[in-house]
Amino acid sequence: MNQITAIVSMLHETAASSSATRLFRGEPVLRWTFKRLARSKRLSSLALLCWEDQLKTAGPAAAEAGAYVLAKGPRVTLPQVQSIAAARRWSDGWRGGLLSTCDFDLGFYAPWAAELLERVEAQSALLIDPSAALIDAGLIDDLIAHSEKNLDAPICFTPAAPGLGSVLLRRSLLERLSAAKLHAGRLLHYLPDQVSREPLAGQWCAPVPTAVARTTHRFKLDSTRQINRLSAAMQSLNGQLVSSNAEQIVRKMDAWQTIDILPREIVLETTTTRNTRPVFCPKTHVDIQRSPLSLDVARKLIEPFSAVDDTRLTLAGVGDPLLYDQLFELLEMAAAAGTISVHVETDLLGVSPDTIARLGASAVDVVSVHVPALRPDTYQQVMGMSGYEKLLENIRTLLTSRNGTGVPILVPTFVKCVQNSSEMEPWYDQWLSAVGCAVIRGPSDYAGLIPDVAVADMAPPRRRPCARLNSRLTILSDGRIVSCEQDVLGRQTLGNLGGDSLAEVWQRRAAALRKAHEQSKWAEHPVCASCREWHRP
């Protein structure tokens, strides 16, 4: 008989803020997760994998559920766990994350998962995030039934929204993943060196209801924002939520239209200084000069987010953040808040090795580096200057400065233009194999401000409201709050961090813009009228 254990791993969570300390409807999130799992008819047992410093808060919920507990002593650095956690902070779907991760990779460490199976004498593991308090036991049972019909499949999964589904791994696969130091989600992504079938069309995939597979919402209670969001959306299910299935939960979430108190994502420009002259950068074509970001202004941005623990901050804009004199003071300020994940977008040129090494040792999650070519001559055509060899040298410096932690995640970024399109496919395979990440994106003409260098227009034929207005804001280096990163000249200024409340701007002034889009009145706003990026997620 195939004994199957649900492994709830907390290895990626901190002791101070975890699923055992966050409350949902007056109870720890972890307790909800175990209660929902207990409704499964096919699971053989439950298990909790945690650190010693989590045992006091997580132990009671595990004991109540009858879960086997494996506490792995004092915390140590596990680069695989740490880098996957960073990657997933910048991913929302169940699949498609940086480092070829899936949502179920969070907290996964193959050697200890294999150890747990041995201890409880099970043959297969279901990976469950501790914050999956709305996990659907029916989908879990369907997944197990699917695995029993496909006994030769080493892995079976549900393509469900984060928090509603899972993945099943057989012990033999766990042993191979342990030896190779890989995560399970890697098997469900593109592998340059292998000819493989799309997993969604194969025997590994256990089908789920269409609504559950296609929803763009997340259903994990892994932050204050998510708890507030789901608490409000599920209010009508009081007394029924513990038994509600995934389709019911998705319908409730789809019907909930309220905007969060603060944006999930902030794009912050720190400087307009840039050493390169990319064909896709507005500064190459238009004279843009602004004062660098004041730390006082930055503080007014960061302080409101101290109570919202899933904020994403991208340092980008028309300039290069690494040329901002107070970059590391800003990064320390964000790290001190303890609630902000940081992404830096840079050309990685014109800075000292010490600066690069300091960036590699910082608390930044992701560093995107513009590498839009495979050859020096193509690089010069796209970036407006030579420097390809120096860039590769700087990338090596960044990688070695991480001291084996795997964070920040290096993301080579290829802006696909007419000048470099012939190199795109080999570029992608090379960098994906080399560092585990590679991102291709299209250029923008910034609402008609600069020449269009795109290979093709990717906008759908029928316009709809901008996909980004409900989740992000952009702030220019002089403190002006604008509608989005397309507005590099500040033509649609919503406020100024120097004197306006960010929450006020987001909830009221940005709301007027959102309403205009809902009514198809984007032509009333000059940037929106000419924008071709409205379809971007």
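The values are calculated or read from the model by the stated rules, or taken from the named source; none is laboratory data. For clarity, every value in this text was computed on a predicted model and none was experimentally measured. Counting neighbours? That spans all protein chains shown, and the Cβs are built from the backbone with ideal geometry, glycine included. When the accessible area is computed, the model is the full protein with side chains, heavy atoms only, and any ligands, DNA or RNA have been set aside. Shrake-Rupley method; radii C 1.70, N 1.55, O 1.52, S 1.80 Å.
Our summary of shape: the Cα atoms of the range 135-265 have principal axis extents of 45, 34, 24 Å, ordered from largest down, in whole angstrom. Of 219, 255, 243, which is farthest on the positive side of the dipole of the range 188-322, counting Cα position, with +1 on Lys and Arg Cβ, -1 on Asp and Glu Cβ, and the Cα centre as origin? Going by the charge dipole, the pick is 255. A 1.4 Å probe, protein heavy atoms only, puts the accessible area of residue 229 near 60 Å².
Judged by the ratio a/c of the largest to the smallest principal axis of the C-alpha gyration tensor, the range 381-530 counts as prolate, that ratio being 1.5 or greater while a/b is larger than b/c. Here, P(r) means the percent of Cα pairs in each 5 Å bin from 0 to the largest distance; for the range 123-207 it is 3, 14, 24, 26, 20, 10, 2, 0.
Please work out whether the range 442-531 counts as rounded, prolate or oblate from its C-alpha gyration tensor, where a ≥ b ≥ c are the square roots of the eigenvalues and a/c under 1.5 means rounded, while otherwise a/b larger than b/c means prolate and anything else oblate? Taking the square roots of the gyration eigenvalues as a ≥ b ≥ c, the range 442-531 is oblate.
Placing unit charges on each Cβ (+1 for Lys and Arg, -1 for Asp and Glu) gives the range 488-537 a dipole about its Cα centre, and among 511, 528, 501 the Cα reaching farthest toward its positive end belongs to 528.
Restricting attention to the range 41-70, which trypsin sites (Lys or Arg not before Pro) occupy a DSSP loop and are surrounded by at most 14 other Cβ atoms within 10 Å? Counting only loop positions with at most 14 other Cβ atoms within 10 Å, the trypsin sites (Lys or Arg not before Pro) in the range 41-70 are 41. For the chain, the direction-averaged projected area of the alpha-carbon convex hull comes to 23.9 nm².
Against the main long axis of the alpha-carbon atoms of the chain, helix 388-400 sits at an angle near 40°. Computed over protein heavy atoms with a 1.4 Å probe, the carbon and sulfur contribution to the accessible area of the range 448-537 reaches 50%.
Taking the longest Cα principal axis of the chain as reference, the axis of helix 424-435 is set at about 60 degrees. The residues of the range 223-349 expose on average 39 square angstrom of accessible surface per residue, using a 1.4 Å probe on protein heavy atoms. Name the shape class, rounded, prolate or oblate, that the alpha-carbon gyration tensor gives for the range 322-470, where a ≥ b ≥ c are the square roots of its eigenvalues, rounded holds for a/c under 1.5, and otherwise prolate holds if a/b is larger than b/c and oblate otherwise. Oblate. Selection among 83, 68, 306 by position relative to the dipole of the chain gives 68 as farthest towards the positive end (Cβ unit charges, Cα centre).
Neighbours of residue 449 by Cβ distance under 14 Å: Lys/Arg scored +1, Asp/Glu scored -1, total -3. In straight-distance terms, cross-link reach from residue 41 covers every one of the lysines whose alpha-carbon lies under 26 Å from its own, apart from those fewer than eight places away in the same chain; here that gives 149, 220, 252.
Spin-label pair residue 118-residue 329: with each label point 7 Å from Cα along the Cα-Cβ axis, the two points sit 5.3 nm from one another.
Label sites at residue 418 and residue 299, each approximated as a point 7 angstrom past Cα along Cα to Cβ, lie 4.9 nm apart. Compared with the dominant principal axis of the Cα atoms in the chain, helix 327-337 is inclined by about 30°. Taking Cα centre as origin and charging only the Cβ of basic (Lys, Arg, +1) and acidic (Asp, Glu, -1) residues, the dipole magnitude of the range 178-312 rounds to 160 debye.
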